[in-house]
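The values are calculated or read from the model by the stated rules, or taken from the named source; none is laboratory data. Predicted model only: the values in this text are computed from it and were never measured. A quick note on method: Cβ atoms are made from the backbone with ideal geometry, for glycine too, and the neighbour counts reach across all protein chains shown.
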């Protein structure tokens, strides 16, 4: 019975993260599992190595989007960055408007439990970036 409950828990945990998509606070191993089961269009890229930052880098199959999960010294996610091609701008803004509370043109907030999170969209020359961090 314990084995069944453990298997059920492991199967259901990723579904919880699909709903609220709050990756901040997850351990590196949990992030990998959640991304593998919920974001099948993203693949882990282990080619890039940066000795200054600890992170996981995911890219979509057609290289229009890149997700970076910045990790603490003990491998917990502290910050999320999504970089996208401008062809995705309207869809991303629509999605952010549906999920979060808009505070100005390119800023949103949301609460998860007792924690408040900031979502910031920054336009760059070649792509735009969505940054998510805990307040």
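Points worth noting:
- Any hit, region 45-62, residues being closer than 18 Å to residue 130 by Cα, at pLDDT 95 or above and over 17 Å from the mean Cα position of the chain (by Cα): no
- Meets criteria (more than 18 Å from residue 27 (Cβ to Cβ) and in contact with a strand residue (DSSP E or B) (Cβ under 7 Å, 6 or more places away or on another chain)) for residue 115: no
- Inside region 93-123, residues that are free of Cβ contacts under 8 Å to residues at least 12 places away in the same chain and under 13 Å from residue 82 (Cβ atoms) make up a count of 1.
- Summed over region 21-43, the residues that are surrounded by 13 or more Cβ atoms within 10 Å (Cβ to Cβ) and either assigned to a loop (DSSP other than H, G, I, E, B) or out of contact with any helix residue (DSSP H, G or I) (no Cβ under 7 Å at 6 or more places or on another chain) (or both) give a count of 15.
- Residue match in region 64-72 (condition: outside any loop (DSSP other than H, G, I, E, B) and touching a residue at least 40 places away in the same chain (Cβ under 8 Å)): yes
- Some residue of region 45-53 being within 21 Å of residue 34 (Cβ to Cβ) and surrounded by 17 or more Cβ atoms within 10 Å (Cβ to Cβ): no
- Those residues of region 75-92 which are free of Cβ contacts under 8 Å to residues at least 24 places away in the same chain and assigned to a loop (DSSP other than H, G, I, E, B), in sequence order: none
- Comparison of 70, 128 shows that the only residue that is within 21 Å of residue 26 (Cα to Cα) and modelled with pLDDT of 95 or more is 70.
- For region 106-124, taking the residues that are in a loop (DSSP other than H, G, I, E, B) and modelled with pLDDT under 95, the one that is surrounded by the most Cβ atoms within 10 Å (Cβ to Cβ) is identified as 113.
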